[in-house]
Amino acid sequence: MILFCNFEEIGALRHGAGTLLGERSRGHLSVAAPAEGREEVESLLPRLSGDLAIRTLAEQRQVQKAVAAIVAHLKDEMDLWIMTTHPADESAVSSYFRYAHALSVFARLSEMGQEMEALVEVVTGAPVTPEVEATFLFPG
């Protein structure tokens with residue numbers, strides 16, 4: 001399955017992944033990176049160059065965990081910019097748009113996961129197991 005992402009969404013995810021992993025962000029603010037999801041973000045970052053092909057439900061869940069960590073990090077970054085500058089400050093506004101674009105990707109990714117899980121259950125006639133989650137292939 002393909003998760004379509006536009007230029008702004010990829011940019012927001014790349015920024016969030018980079019700052020979450022400790023790369024220097026624009027400006028002087030930094031937010032402590034949570035440990036949960038860090039490995040998934042490290043795995044996702046090299047793939048953030050365009051649309052994402054997702055072949056298994058296990059992969060979808062790994063990507064979703066990474067994007068959830070990025071969204072949480074971008075929200076924290078946005079909150080910090082708003083509290084330390086002003087809601088209409090250029091940095092605060094930019095942080096809002098990065099957060100909003102990443103959140104939009106997260107919503108579509110969550111919906112994709114629900115659809116993938118339902119399809120696996122219809123085809124196999126049983127609830128998803130960890131083995132099926134990792135081996136049932138979707139077209140890319």
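Side notes on the structure shown:
- Identity of the residue in segment 111-140, among the β-branched types (Val, Ile, Thr) and out of contact with any helix residue (DSSP H, G or I) (no Cβ under 7 Å at 6 or more places or on another chain), that ends up surrounded by the fewest Cβ atoms within 10 Å (Cβ to Cβ): Val122
- When segment 1-22 is filtered for residues that are surrounded by 14 or more Cβ atoms within 10 Å (Cβ to Cβ) and polar (S, T, N, Q), only Thr19 remains.
- When each of Leu109, Leu137, Leu119 is tested for being within 25 Å of Glu8 (Cα to Cα) and hydrophobic (A, V, I, L, M, F, W, C), the lone residue that passes is Leu109.
- Arg108 vs. criteria crowded, with 18+ Cβ neighbours inside 10 Å and among the basic types (Lys, Arg): no
- Count of segment 85-105 residues, restricted to those that are hydroxyl-bearing (Ser, Thr, Tyr), surrounded by fewer than 17 Cβ atoms within 10 Å (Cβ to Cβ) and either at pLDDT below 95 or not in a helix (DSSP H, G or I) (or both), is 1.
The values are calculated or read from the model by the stated rules, or taken from the named source; none is laboratory data. All values derive from a computational prediction rather than experimental measurement. In this analysis, Cβ positions are derived from the backbone assuming ideal geometry, glycine residues included, and neighbour counts consider all displayed protein chains.
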